[in-house]
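Written out below as structure tokens is the structure these notes cover.
The values are calculated or read from the model by the stated rules, or taken from the named source; none is laboratory data. Note that this is a predicted model, so its numbers are computed, not measured. Cβ: placed from backbone, ideal geometry, glycine included. Neighbour counts: every protein chain shown. These accessible areas exclude ligands, DNA and RNA; they are computed on the full protein's heavy atoms, side chains included. Shrake-Rupley method; radii C 1.70, N 1.55, O 1.52, S 1.80 Å.
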Amino acid sequence: MKWLYRAAISIVGALVAIAACAVTTAIWLMFAGGSAEGRHLGFFDSVFVEVQPGSDGAIRLGAGINDPLPLIVGVIVAAMFILAVFAVHDGLLERKRQLLAEAG
């Protein structure tokens with residue numbers, strides 16, 4: 001049950017982290033390119049920002065997902081990393097308990 005809870009925490013944490021990175025990339029693309037027309041890709045070409053001039057002289061801005069595969073792979077890698085950190089932490093705590101039991 002403990003590892004199921006940790007797996008859920010890992011997945012949710014990975015989703016939040018990757019979503020934050022994707023949104024940050026989209027915002028960065030909006031301001032880094034200025035008013036340069038065209039489609040700008042970021043975060044391993046998974047997020048795009050598109051700037052087009054409108055017929056009335058205004059600038060139209062659109063953003064979205066170009067390719068979801070890098071996002072999915074990012075979530076899987078981040079979740080596995082978080083689970084590995086949990087495993088190392090548990091191993092270190094067990095080692096500490098063992099050493100304290102031997103010393104005392």
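Roughly how tilted is helix 2-32, in degrees to the nearest 10 and between 0 and 90, from the longest Cα axis of the chain? Tilt of helix 2-32: around 30 degrees.
Per the Kirkwood formula applied to alpha carbons, region 1-48 shows a radius of gyration over Rh ratio, Rg over Rh, of 1.25. The residues of the chain have, on average, 71 Å² of accessible surface per residue, using a 1.4 Å probe with all protein chains present. Counting only protein heavy atoms and a probe of 1.4 Å, the accessible surface of region 1-103 is 71% carbon and sulfur.
Each helix, a run of at least 4 DSSP H residues, gives -39500 (n - 2.57); summed and divided by the residues of the chain, these come to -23000 deg cm²/dmol at 222 nm.
Normalised by the number of residues in the chain, the average gap of Cα pairs under 8 Å and 6 or more apart makes the relative contact order 26 percent. Once the C-beta distance of Val16 and Arg97 is scaled by a Förster radius of 35 Å, the resulting FRET efficiency is 0.65 to the nearest 0.05. By the Kirkwood approach, averaging reciprocal distances over each pair of separate Cα atoms, the chain gets a hydrodynamic radius of 16.7 Å.
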